[in-house]
Amino acid sequence: MRCPNQLFLTNKYFGVVLPNTWQYYSASTLNLSTITHRIIKISNSCHLGSSHCLVFNDEDKLGKRWMEFQGINNWDGLLDPLDDDLRGEILRYGEFVEAAYGCFDFDTSSATYATCRYPKRSMLMQRGLGRSGYKVVKNLHATCAVQMPRWLEKFPNLKSPQSSWIGYVAVCDDMDEIARLGRRDIVIAYRGTVTYSEWLENLRVTLTCLPDDMSPNENNKPMVQSGLLSMYTTKIEGHMPSLQETIREEIISILNNYSDEYSLSITITGHSLGAALATLTAYDVTTKFNNLPMVTVLSFGGPRVGNKSFRYQLEKNGTKVLRIVNSDDPITKVPGIVIDDDDVAHRGDAMVARLPSWLDKYMEDAPWVYAEVGKELKLSSKDSIRKGSVAKCHDLKTYLYLVNNFVSSSTCPLRATVRNYSFRLYLRNTI
C-alpha cells in the first residue's frame, strides 16, 4: 500500500501517516485536529521510497470488540502477539493515568501542594485530553494513617499532608465517542506514590484482614497489604471522607444515572501505588454492589495487593484484571512472597517457591504470603535501559513506550527502533 505523508479522509476510513520513529502517541503530542483522538489502530505498513510509515486506521472494530478488550475472555489470544486495537486501548487508558500525575501539584513550597492544580471542568483539557470525550465528575483523595515526625516540620521540603489528591473519576459523555467505544465508559484513574506519608504507608507490607463489609465469606480470609488498606479506608472526621466512601458514593451516582443504558463499562486504571489502589477499588465495588456493569482493571507497574482468598473473591465477583508488567521492574515483584502459585509458576517467576501441599495450605494465611491476580502482559526493557536504573524501569513513560512497541515474546519482543540510541535518548529526556 502506498500512502501520502499527510492526514487523509474517506467516507469509511481515516488515518494519519507518521515516520516509523515516532514516540508513543497521544492527542496532545499529535495536535492535529478534532478527529485525531479517534485513532486507535496501528496497521498497514507502507513505503515511501526507502522510508517506512505507519497508518492509523479507525473503523468500527472497537465498538464491536470492546468486551474482548475489557477482558470478557481474559484477553486470550490478544496479548502475545499484542493485538493492535488492544494496544491502542491500553495506551489510551495510560494517558488518563498520565493526566493524574500531570494534575498533581508537586511543589512542596506551594500552599496548594498535594492538591489538584486544575478545576474539574478543565482538568483533562489542561493535560491534552480535552477531545477525549470524557468529563471529570469527581476528585479523589487518599488519607494516610501514619503520622510524620514533628521534627520534619522544620524542613519545608519534607512536609507531607495527611490527605492528598490521588486521582479522579471521568465519564464519557460525547455521543460520537460513545458510539466509537461501543458503550459509555467510566474511568477511575490513580497516580502513583508521591508524598512521604504515602511512602511510609508503602512500607507497611504485612497482610491484614479486610473489614467485615469487604469480606462477605466467613470461611475465607481475604487479606491485603496493610498500608494500602489504610490509604483506602482512612478518613479525617468532619473534614475528609475516605477514598472508599468517595468511590462508593460515586458508584451509586453512576448506577442511578446510567442504569438504563444497555452498554456500560467501568475501567479502573493506575500506575504503581495507583495500580494497587485500582485493584483494591475493583474488589471493593464488585463486593459491595450487585448488578454492576463490566468492571476492568488495567494496571501499570503495580505491586502485589493481597492473598489467595483476595484473588479468589476478585475472580468470583467477575472482575477482569490486566497487569502490564515490566519484568525488569522490581516493584512488580513485591511485597512479600508467592508460594506454590500455579498462575505464576508457569511464567518462571524467580520469587515463586515450591512447597509441599500441606505446608502450602498452612502458609496461605501467613501475613507475608501474597498471590498474583489477573492476566499479565509481560514486557521487558533490559535491551534499552542500563542495569540499576530502577526509576526508569518503573516509570509510567517507560511502560507506555514498551506497550507501544511490543510485538511478541517469541519473535521480536520490541520493534527494532526501540533498541537503538533514540530510545535511550527519549528516556533520558522524558524521565
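With θ taken as phi - 60° and the Karplus curve 6.51 cos²θ - 1.76 cosθ + 1.60 applied, the whole-hertz 3J(HN,Hα) list for the range 285-295 is 5, 6, 7, 7, 10, 9, 6, 6, x, 5, 10 Hz, x standing for glycine and proline. Pull up all non-local amide H partners of Val407: gap of 5 or more, or a different chain, and H-to-H distance under 5 Å with H placed in the peptide plane. Under 5 Å from the amide H of Val407: Leu414, Arg415.
Take the residue pairs Lys235/Lys378; Lys235/Lys308; Lys221/Lys333 and return only those whose Cα atoms are more than 26 Å apart. Long pairs (Cα-Cα over 26 Å): Lys235/Lys378; Lys235/Lys308.
Mind ranking 160-166, 106-112 by how tightly packed they are, going by the mean number of other C-beta atoms within 10 angstrom, highest first?
Numbers: 160-166: 21.3, 106-112: 10.7.
Packing order, densest peptide first, comes out as 160-166, 106-112.
Near the amide H of Tyr190, within less than 5 Å, lie the amide hydrogens of Thr269, Gly270, His271, all on another chain or at least 5 residues away, with H placed in the peptide plane.
Phi angles of the range 101-108 translate, via the Karplus equation with coefficients 6.51, -1.76, 1.60 and θ = phi - 60°, into HN-Hα couplings of 5, x, 7, 7, 8, 8, 6, 5 Hz per residue; Gly and Pro are given as x. Amide H contacts of Arg204 (H built 1.01 Å from N, in plane; Pro and chain starts excluded): Gly227 sit under 5 Å, all sequence-distant by 5 or more or on other chains. Packing, taken as the mean count of other beta carbons within 10 Å per residue, orders the peptides 268-280, 86-98, 299-311, 122-134 from highest to lowest as 268-280, 299-311, 86-98, 122-134. Under the shape rule built on the C-alpha gyration tensor, where the axes satisfy a ≥ b ≥ c, the range 123-278 is oblate, since a/c reaches at least 1.5 while a/b does not exceed b/c.
Here, each number is a calculation from the coordinates, and none is a lab measurement. Remember, it's a predicted structure, so these values are computed and weren't measured experimentally. Cβ sites come from the backbone with ideal geometry, for glycine too, and all protein chains shown count toward neighbours.
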